[in-house]
Amino acid sequence: MDAPPARTEPVFQARGLTKVYGEGATAVHALRGVDLDIVRGEFVVLLGASGSGKSTLLNILGGLDTATSGTAQWTHAGETHELIGADDAELTRYRREHVGFVFQFYNLIPSLTARENVALVTDLAEDPMKPEDALALVGLGERMNHFVSQLSGGEQQRVAIARAIAKNPQVLLCDEPTGALDCATGVMVLQAIEHVNRELGTTTVVITHNAPIAEMADRVLRLADGRIVETRANTHKVAAAGLSW
């Protein structure tokens, strides 16, 4: 699968991001001066071992955490907004209106059907897609009325993806979305994420420690010890269906 044409419109720009937890001798430096640019529609994989700073960086970009120092901006409809220093109300609005999150564990409500889990988000969004359309996009149109307990792990993760994209977010941030799944099931989940990026043009960032997954990205950023130590573009992307680990 060939890489898409180059894009130039920025979504995220970060400079000198640091994140320190604690103080003194027990302080943990999760990020150490990260510079980052992500453009609209790009599929980026953040690759690295546990403790490399991947999740901290993703949480800052998603407005779930704030940096100790540095700058981070996001751009929407030609307007640039500061993430560092934004107050709680601004970050809440940013997360609600512009960001879709997918985590390793699905965080679904077992007593609700797949469609009802997705509808929880669409009821709050300004311009959502129909829950049925979001579930169809991830290949679960025929399973929408099943309860969570009736779904496999891979299906539950795809419901979580449908829930994340149903509000038509500007960006989709995925933290180890296949971490609790076997290879075959993980590939199905990655195909759903790939489809969302391609069909909706949603800027997508996926965290993984699993190197083969990086082959499906437009660009790969490898982190170690709180720094981006390698950046590479995939001139020939591998479709999710062709991955194995």
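The values are calculated or read from the model by the stated rules, or taken from the named source; none is laboratory data. Computed from a predicted model, the values in this text were never measured in an experiment. Positions of Cβ are generated from backbone atoms using ideal geometry, with glycine treated the same way; all protein chains shown enter the neighbour counts.
Here is how the numbers come out for the structure above:
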quantity: Scope the stretch 61-104; condition of a type in the set (Val, Ile, Thr) and touching a strand residue (DSSP E or B) at 6+ places or on another chain (Cβ under 6 Å); matching residues; calculated: Thr68, Thr71, Thr75, Thr80, Ile84, Val99, Val102
quantity: Search result, residues across the stretch 108-129 that are of a type in the set (S, T, N, Q) and modelled with pLDDT of 90 or more; calculated: Ser111, Thr113, Asn117
quantity: First in the stretch 89-100 and within 16 Å of Leu172 (Cα to Cα), second anywhere and part of a helix (DSSP H, G or I) and β-branched (Val, Ile, Thr), Cβ under 8 Å, 6 or more apart; calculated: Gly100/Ile165
quantity: Test: residue in the stretch 9-17 that is under 18 Å from Gly201 (Cα atoms), in contact (Cβ under 8 Å) with a residue 40 or more places away in the chain, acidic (Asp, Glu) and surrounded by fewer than 23 Cβ atoms within 10 Å (Cβ to Cβ); calculated: yes
quantity: Any pair with Cβ under 6 angstrom, 6 or more apart, that starts in the stretch 76-87 at a residue that is over 11 Å from Glu9 (Cβ atoms) and ends at one that is part of a loop (DSSP other than H, G, I, E, B); calculated: Ile84/Ala67
quantity: Helices (runs of 4 or more DSSP H) contained entirely in the stretch 72-182, each with at least 1 residues that are hydrophobic (A, V, I, L, M, F, W, C) and closer than 26 Å to Lys19 by Cα; calculated: 88-98
